[in-house]
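Here, each number is a calculation from the coordinates, and none is a lab measurement. These figures come from a predicted structure and were not determined experimentally. Every residue, glycine among them, receives a Cβ derived from its backbone with ideal geometry; neighbour counts consider all protein chains shown.
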Ligand SMILES: [Zn+2]
Ligand SMILES: [Zn+2]
């Protein structure tokens, strides 16, 4: 068990929240996640003393929202035991599918794309960094959404400045682990970006992604993606096809000339992302083979919106292995200095 220090304890409410987190990680049905989330809220409201009294009287299930399973978790947490339900879920759910995938996973040193509570994630910079360090990695880029993406509470320039300071503070505390500044900047409909160049120039890693106007025609979308790649501050093309295959909604990939976009990425020495979120797995393996043949680099990113989602990188390793990508083309197998030198070279 590896809870995030400072945010999760094995008090009853923390144990219930952690179970909800892990159920979410495993894409369990929403009603099950909500049942544990609600029970955590009830446990917080009621307080540990009343929970103790009720546990002694076997009346926990009289509380609204507490059933047999959640009552058992509360009883075990009160007894300072690791609840069985939690222990079972906490087994690593994701294992590499092949020896090749395991070798890629073992070589990964960082992740170029994750979110915090500043945009639409749920952890702090420090929560995310500590979780990455516990996974044995040496760097993590914090890439919250840019300001135009209002539904994701994107960061405007001022909040980004504040976050850059926070990243510096956390890096100073966690050294030698390095937290890198960054953003997932929106690619606007004409291929320009949602932050001015002088702002992007200050960041260590810039992921550029399409989050709107998915139905542009092939030529327009191709120009849009190539324009974004040509911005000297962009390092990674995020979730390159935009497809969503499961989860709360599905979306087809957008239409673009794959050869042209991947050749542009190769020519500009940029990375095409392998987005490892289970509902994305983007690009699919047939397109990833085109990326490989084009000679472009890739970044295997979990696009984590909570610390436990960093584990999703393994799904991207499976994809990279299936596509036969050589290790030296995967930028997050590099150490911090090499990664930073590569990213800085784009704007040189
Ligand atoms: Zn995105
Ligand atoms: Zn993202």
### Task
Assuming R0 = 45 Å, can you tell me the calculated FRET efficiency for the pair residue 255 and residue 49, based on Cβ-Cβ distance, to the nearest 0.05?
0.15
### Query
Label-point separation (nm) for residue 26 and residue 197, each offset 7 Å from Cα along Cα-to-Cβ?
5.0
### Task
Among 291, 170, rank each residue by its count of other Cβ atoms within 10 Å, from fewest to most, as a rough exposure measure.
170, 291
### Query
Taking only Cα atoms, what is the 0 to 90° angle, nearest 10, from helix 157-174's long axis to the longest principal axis of the chain?
70
#### Entry: Those residues of the range 23-47 whose amide nitrogen sits under 17 Å from the label point placed on residue 245, 7 Å along Cα→Cβ
26-28
### Task
Would you mind calculating the gained length between residue 327 and residue 99 on full extension (0.36 nm times residue separation, minus the Cα-Cα distance), in nm to one decimal?
80.7 nm
### Query
Could you give the nm distance between label points at residue 151 and residue 82, where each point is 7 Å from its Cα heading toward the beta carbon?
3.9
### Summary
Rounded to the nearest 10, the angle in degrees between the Cα long axis of helix 258-267 and the longest principal axis of the Cα atoms of the chain comes to 80
### Task
Give, in nm to one decimal, the length gained when the segment between residue 285 and residue 219 is fully stretched (0.36 nm per residue of separation minus the Cα-Cα distance).
21.4 nm
### Message
Run the helix sum for the chain: -39,500 (n - 2.57) per DSSP H stretch of 4+ residues, divided by residue count, reported at 222 nm to the nearest 500 deg cm²/dmol.
### Response
-13500 deg cm²/dmol
### Summary
Put in order of increasing Cβ neighbours within 10 Å, starting from the fewest, 158, 184, 100 give 158, 100, 184
### Query
How do 307, 334 line up, fewest other C-beta atoms within 10 Å first?
334, 307
### Query
Which whole-percent values make up P(r) of the range 99-345 when all C-alpha to C-alpha distances are grouped in 5 Å steps starting at zero?
1, 7, 15, 20, 22, 18, 11, 4, 1, 0
### Fraction of antiparallel bridges per DSSP, the range 151-290 only, in percent to nearest 5
25
### Message
I'd like the orientation of helix 313-322 relative to the chain: the angle between its Cα long axis and the longest Cα principal axis, in ° from 0 to 90, rounded to 10.
### Response
50
### Between the range 42-73 and the range 289-348, the alpha-carbon center distance in angstrom
46
